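Take a look at the structure below.
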Amino acid sequence: MPARHVLPDERFTRLRLGCEHVRTARRRPVINPATGAAFASVPVAGPEHLDAAVAAARAAFPAWRALSWDARQARLEDLAGSMQRARDELADLLTLEQGKPRHSAAADEVDYAIGWLREVVTRRLTDEVLEDTPRHRVEKSCVPLGVAGLIVPWNFPLCLAVWKLAPALITGNTAILKPSPHTPLTALRLAELAEGILPPGVLTVLTGDDELGRWMVEHPGIAKISFTGSVATGRKVMAGAAATLKRVTLELGGNDPAIVLPDADIDAVVPRLFWGAFGNSGQWCVGIKRLYVHDDIYPRLLAALADYARGVQMGDGMDPASQLGPLQNAGQHARVLGLLADCSARGFRFALGGGAGPGPGYFVPPAIVDNPPDDSRVVREEAFGPLLPVLRYRDFDDVVRRANDTEYGLGASVWGRDLALARALAGRLEAGTVWINEVYVHGVDFPFGGHKLSGLGVEHGAEGLAAYADVRVFMSSR
C-alpha cells in the first residue's frame, strides 16, 4: 500500500555536511520488511565524509556552546514544531522502513519523540556553590564535551535518536547521528527538518554501513559515544573508545524477567503481559523476555495469554487493521526462526505458534513456549522477536534466583495484587529498572540504564544530561 507522504528516492541523494550537500560514490538500498523488497536507497558515508562531518561539528561547537540555555532551548523547540508539522510523513517513513503499524505504533513513536524533545529541553544543568566563606569560594559547573557521536538501532529509530540528540544538544554539544543501516530514512528526514533551525554543523546525520560506527568510535575528534544495541557490539564500542578515552554511554541488550504472583487478576494482566512481551513484534530491549507464572494460576494464565494472542492481527504496517508488523530485517528474521527450530528439535510444547508467517516479508506470528528448561536457548538468549517462554514456579526465593540467573540486567517486572510482596520481590531483582504492574514506562526525569552486561551509564534524568558534560570546579581565595 503506497504511503501518502513518502518522499521520492531522489530526495535522499546527498549527505548534509555543514554547509555542503555532498553526493557519495555508493548507495545502500532500504528494505520494506513487510515485502522484503527495496523501496528507497540512501548515501553510504566513507571516512572522508565522517572527517568532514566532524570538522563541521567542531567548527559549530564554540558558537553553539556560547548560546544561552534559553536560546538553545528555543531552537530545539522549533525543531519539535517542525517535526510536528511533518508528523504524518515521519510516521509513513517509519512504517515503511521499520515495519511497525502506521496508525498505532508508528504514529505513537513520532508523537512520543516530539513530546520527549519538548520536555527534555526544559530541563537544566545548574551551577552549584560548594563553599562560600570570607576567605574561599568553590563553584561547580557542567561544561559540554564537544562533538557527541550518537549510534541508534533499528527497533525505535526516531524515538531513540531523540533520546540521545535532545540531551546532547541542549547541554551545548554538537552531534553526529548514525542511524541503523536498516532504518535511515526518518533520521535523514529529521536532518532536513533541522536545516534552517539549527546552525550548520550542530546536527549531522550520516548514513552508511556498520563500519561507519567503528570509525566514529575511533575518531579523535569525537568526544563521546552514546550507543544503543547489542552486548557484542557494545564491547567493541568500549574497546574502540579506549584509545582516545572517549566518554561512553552504553544501553545494551536485556533478557528481562516478569514474575506473576498467584493473586494476579488474570483477565486484567494478560493484555498488559502480551503487549509487554510482543509489542513492536518483540523488538525492544526492555520487553518481557521470560515470563514466570506461579503454579496456582499457570494453566489458566497460559491459556488466556494464548487466546488473547490469537485475536491480534499481524500484517503490513500500512494496513490500518494490523496490530503487529514484521520483524525488521532478514537477519533478525532468520535468528528468531532458528530459535523456533531449536525449540521444535528439543521437543518443547508450543502453546501458540512455532513457525514462520506468510512471505514475502519478515513475518513471524507470536509464539509461546510452554515451560521449557531453564538451560534452553529460548530462556537463556534474548530472542528480540515475538517468542516468549512461559515458565512455572512455586517458591518465591527460587523464582528470584532464576530471574537473576542471567548476564543481563536491563529491566524486570512483578505483577500481582499483593503490593507488599511485589515490592519485596522487586527489590531483590538485579536490573536497572524494575516495574510493578507495568512495563516499559519511561520518563524524562527517570534515569534509565542497565546492570551487569546490559549497559554502562544512564540516559534521562539529571544523570542523563550530566553524561554529556564534564564537571569543572572553580576555586578562588579572597
Could you tell me how far the Cα centroid of the stretch 348-415 sits from the Cα centroid of the stretch 57-105, in Å? 36 Å
What's the angle, to the nearest 10 degrees (0 to 90), between helix 107-120's Cα axis and the longest principal axis of the chain? 40 degrees
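Which links in 100/452; 140/236; 164/452; 164/246; 224/452; 140/452 stretch past 28 Å when you go from one Cα to the other?
Working: 100/452 30 Å; 140/236 34 Å; 164/452 22 Å; 164/246 16 Å; 224/452 21 Å; 140/452 31 Å.
Beyond 28 Å between Cα atoms: 100/452; 140/236; 140/452.
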Amide H neighbours of residue 41 at under 5 Å, excluding residues fewer than 5 places away on the same chain, with H built from the backbone geometry, are 30
Linear extension gain, residue 466 paired with residue 265, 0.36 nm per residue minus alpha-carbon span: 68.3 nm
Rounded to whole Hz, the Karplus (6.51, -1.76, 1.60) HN-Hα couplings of the stretch 98-103, x for glycine and proline: 9, x, 5, x, 4, 8
Rounded to the nearest 500, what is the chain's calculated 222 nm mean residue ellipticity when only DSSP H runs of at least 4 contribute -39500 (n - 2.57) each, over all residues? -11500 deg cm²/dmol
Just to check I understand the Karplus step: with θ = phi - 60° and J = 6.51 cos²θ - 1.76 cosθ + 1.60, what whole-Hz values come out for the stretch 213-223, glycine and proline as x? x, 4, 4, 5, 4, 8, 6, x, x, 9, 8
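Please identify every one of the GluC sites (Glu not before Pro) in the stretch 69-135 that sits in a loop by DSSP and has no more than 14 other beta carbons within 10 Å of its own beta carbon.
Details: sites: 77, 89, 97, 109, 119, 128, 131; in loops: none.
Taking the stretch 69-135 and a limit of 14 other Cβ atoms within 10 Å, no loop GluC sites (Glu not before Pro) are found.
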Please list the non-local residues whose amide H lies under 5 Å from the amide H of residue 203, H modeled 1.01 Å from N, same-chain partners needing a gap of 5 or more. 175
Take residue 424, project a point 7 Å from its Cα along the Cβ direction, then tell me which residues of the stretch 381-404 have their backbone nitrogen under 11 Å from it. 396-397
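State the extension gain, in nm to one decimal, for the chain segment bounded by residue 300 and residue 445, taking 0.36 nm per residue of separation less the distance between their alpha-carbons. Please report the intermediate quantities before stating the final value.
Numbers: separation 145, 0.36 × 145 = 52.20 nm, distance 3.81 nm.
Additional length available on full extension: 48.4 nm.
Taken together, the values in this text are just the output of simple stated rules run on the coordinates, not laboratory data. Just so we're clear, the structure is a prediction, and the values are computed from it rather than from any experiment. Cβ atoms come from the backbone with ideal geometry, glycine included; neighbour counts cover every protein chain shown.
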